[in-house]
1. Considering only region A:223-238, how many residues are touching a helix residue (DSSP H, G or I) at 6+ places or on another chain (Cβ under 7 Å), within 14 Å of another protein chain (Cβ to nearest Cβ) and more than 30 Å from A:Ser253 (Cβ to Cβ)?
2. So which residues in region A:544-592 are touching a residue at least 24 places away in the same chain (Cβ under 8 Å), of a type in the set (Lys, Arg) and closer than 24 Å to A:Val313 by Cα?
3. With the condition kept exactly as written, say whether any residue in region B:122-139 is away from chain A (no Cβ under 14 Å) and part of a helix (DSSP H, G or I).
4. From the residues in region A:204-222 that are under 23 Å from A:Ser160 (Cα atoms) and crowded, with 24+ Cβ neighbours inside 10 Å, which one is nearest to the other protein chains (Cβ to nearest Cβ)?
5. Applying the selection to region B:35-66, what residues are within 8 Å of another protein chain (Cβ to nearest Cβ) and either assigned to a loop (DSSP other than H, G, I, E, B) or modelled with pLDDT of 95 or more (or both)?
6. Just checking, how many residues over region A:165-181 are buried (at least 24 other Cβ atoms within 10 Å of the Cβ) and within 16 Å of ligand 2 (Cβ to nearest atom)?
7. Among (1) over 24 Å from A:Phe444 (Cβ atoms); (2) more than 8 Å from ligand 1 (Cβ to nearest atom), where does A:Leu368 come up short?
8. Please work out if A:Pro308 is part of a helix (DSSP H, G or I), within 16 Å of ligand 1 (Cβ to nearest atom) and within 24 Å of A:Tyr213 (Cα to Cα).
Amino acid sequence: MSNEATHGHPEVVTTHEAHHDEHHVHHHKETFITKYVFSQDHKMIARQFLITGMAWAIIGGLMSVLFRLQLGYPDQSFPFLEDILGRWAKDGKITAESYYALVTMHGTVLVFFVLTGGLSGTFANFLIPLQIGARDMASPFLNMLSYWFFFIASVIMFSSLFVQTGPFSGGWTAYPPLSALGEASPGSKVGMDLWITSMALFVVSSLLGGLNYIATILNMRTKGMSMTRMPLTIWALFFTAVLGVLSFPVLLSGFILLLFDRHAGTSFYLDSIYIGSAALPNEGGSAILYQHLFWFLGHPEVYIIILPAMGIVSEVMSVNARKPIFGYMAMVGSLFAIAILAFLVWAHHMFVTGMNPFLGSVFVLLTLLIAIPSAIKVFNWLTTIWRGNIRFTPGMMFSLGFVSLFISGGLTGIFLGNSALDIALHDTYFVIAHFHIVMGVAGFFGMFAGIYHWFPKMFGRFLNNTMAYIHFWVTLIGSYLIFWPMHYEGLAGMPRRYLDYTNWLSFNQFDGLNKFISTVAMVVFAVQLMFIFNFFYSIFKGRRVTVKNPWGSSTLEWTTPIVAGHGNWPGEIPEVHRWAYDYSKDGREYISQTEPVTPDEKPH
Amino acid sequence: MISATVSTQRKKIHPHKFTLWVGLGSIVMMFAGLTSAYIVKESQPEWTSVELPKVFYYSTAAIIASSITIQMALKAFKERSMMNYRRFITLTALLGTVFIILQLIGFSRMWGDGVDFKGSGAGQFLYIIFGLHVLHVLGGVVALLVIFFKAFSKRVRNYNPVTIELASTYWHFVDLLWIYLLVFFIWTL
Ligand code: HEM
Ligand SMILES: [Cu+2]
């Protein structure tokens, strides 16, 4: 196809190269608005996602501090709470309603807005074009839209915190009837409408982003960048996007039916419900149907969170162990296996819904199968650092922490995956401990590893190391201290989602433990604020990056100028001649992907 | 430099086309979710069935015809006979609109027959599933209108077929999707 025919129509240009040559001509005069606000530069969009995600992380984290205060000190009142929360904490004690609202928002915000939007949004946008050698995403415009949908979703979710009846309070999974009936609870009224609107926009944002990531990875790689030469970050982000694109629409279907139940009187999820003594007209619905639709996304969602973290960790570990990643193809294969299995195990969240035990056993088997690719990954991380020449940079520390957490949390998954055990453990603190360690904290560790590692590329400066190490150690130790004891509470049968356990004599033994957990939670939260300070301080005042490739890394992003403009490489896009992991080869510490393979070298 | 990239990228499918295909995959998942929900609920007690109004067969004819016309539009475009191209694009958009109107008539027939949102049953699913499909067709019609006005614009002469190829792929997709949904309902009702 000739290029001449396409001038004046950038959106139909056949080659990506020509597209951007044109862009450079047109985009010389950048205003504040086009550069920082409605930017179409993937690097700026990544930073927008990151900072929005960080704002959400503070809000979501603060919520957990507030409800931990209640759980640790149920008999005390804190007048300052009334100052912040007003009538939601009358006389300094969090009300039942606000407790549920807080845990619901905490879950929603951290799972979706921080660890999905913030994590994938940041690193997919930042790393995909830079590491595959592209000037930008397949469609920079859709990419910008993806951020702005995320932003509007954020605004709506945030505004729900301030409505009179409060934000949605029926749990982050939004099971009906609490989510379907306005009469069910105060949070089920406007709060739920805002929740569902926000989530629908969030889904749109994820879909737009995901489509773009997939198209970019498959189509826009630079010359020589075959799929098997890609860094594992890109593979992980690729599978993440595939999971999102295939599972979020199902959640959307579930939400659409939910909306009709809420506002049009249909009975998809509602059946034989009495409010007070009056029976509702809704007949014949099935609340379990919602659970199926939700968990068909919900389970892939946990991998949408953890796969990017896995990719980041693989990359950061290899760079800082100065060794090639062990078992590259096995890493890719296990990502693939996880992506497939992620769609086949959703019902392990529903073992106690009265499911046929034989069906349950199929899901037990499929669930336990996930342990295999997970174990392969852990094995490969450990063998990558084995006898490595490890540099304990903050990014590396967080990667090591990730592996530790992933092992600890993965093991408890195997407990829960057995339906016979899960009948006892379901909806107890054991589940809380499991998913916080394996997903929550591990996801954050992956994100931190990525931030510490790529901050120099994002902002041209380094983060402060002293604060970084404090941040790492307090967060790692603190997280274990918070969540490890919860396993014991769960094994003792302590259920999740209760405001107050004081009248439950058998759990009084945990009073001291709960106080301890709450105290540690506050310390850990304070250290996150220190990280935030470090982040913003370093953007302006951090030590400047003086060389292009401070970590001695072989991947393409470090071949761009220290502060790269829109288009990433000032001249031609470099050509790639080898895979991303030539570390400590032929007596050299690292060999950049752009270096041609010499005749006496084994090509990869 | 450009020629070098062209030669390495020529084998690859156009990024927008690829994005469209992945997008179609996600639409498929949405309808797969809904039709599986239907199957899950069908076995519940108090499930009520409905009868499909005849209109839905006429609308099927309309949408199949529109698939043919868009194919002809594509062919005309590639032969650079712009007159025919515009004619067929217009025809396709019209047939799409006819399809939408027929669907709405079908809905109102059903509603008139007393199939409403009370209770639970096939009717509720039908409104929602067909309704969402109508929205997707509407999106296609809007896209066609945009292309249509571009085709009449004197300012740019554009012989790049990607846009119309994208539109026709999408159009065939919503057509096939409709046939799947219709067969699904005929089968299960
Ligand atoms: C060996 C791998 C794993 C197995 C066998 C496993 C198994 C399970 C099972 C059976 C449950 C349901 C427990 C219940 O509700 O009673 C569960 C809950 C959960 N898991 Fe895992 N899991 C594994 C890894 C992961 C990973 C890697 C993540 C996230 C990155 C994760 C995140 C979650 C979450 C968020 C929940 C709770 C959701 C809720 O009820 O609110 N799991 N897991
Ligand atoms: Cu799961």
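The values are calculated or read from the model by the stated rules, or taken from the named source; none is laboratory data. Remember, it's a predicted structure, so these values are computed and weren't measured experimentally. Note that we place each Cβ from the backbone using ideal geometry, even for glycine, and neighbour counts take in every protein chain shown.
1. 2
2. A:Arg578, A:Lys585
3. Yes.
4. A:Ser206
5. B:Gln44, B:Pro45, B:Glu46, B:Trp47, listed by residue number.
6. Of the residues in region A:165-181, 0 are buried (at least 24 other Cβ atoms within 10 Å of the Cβ) and within 16 Å of ligand 2 (Cβ to nearest atom).
7. (2)
8. yes
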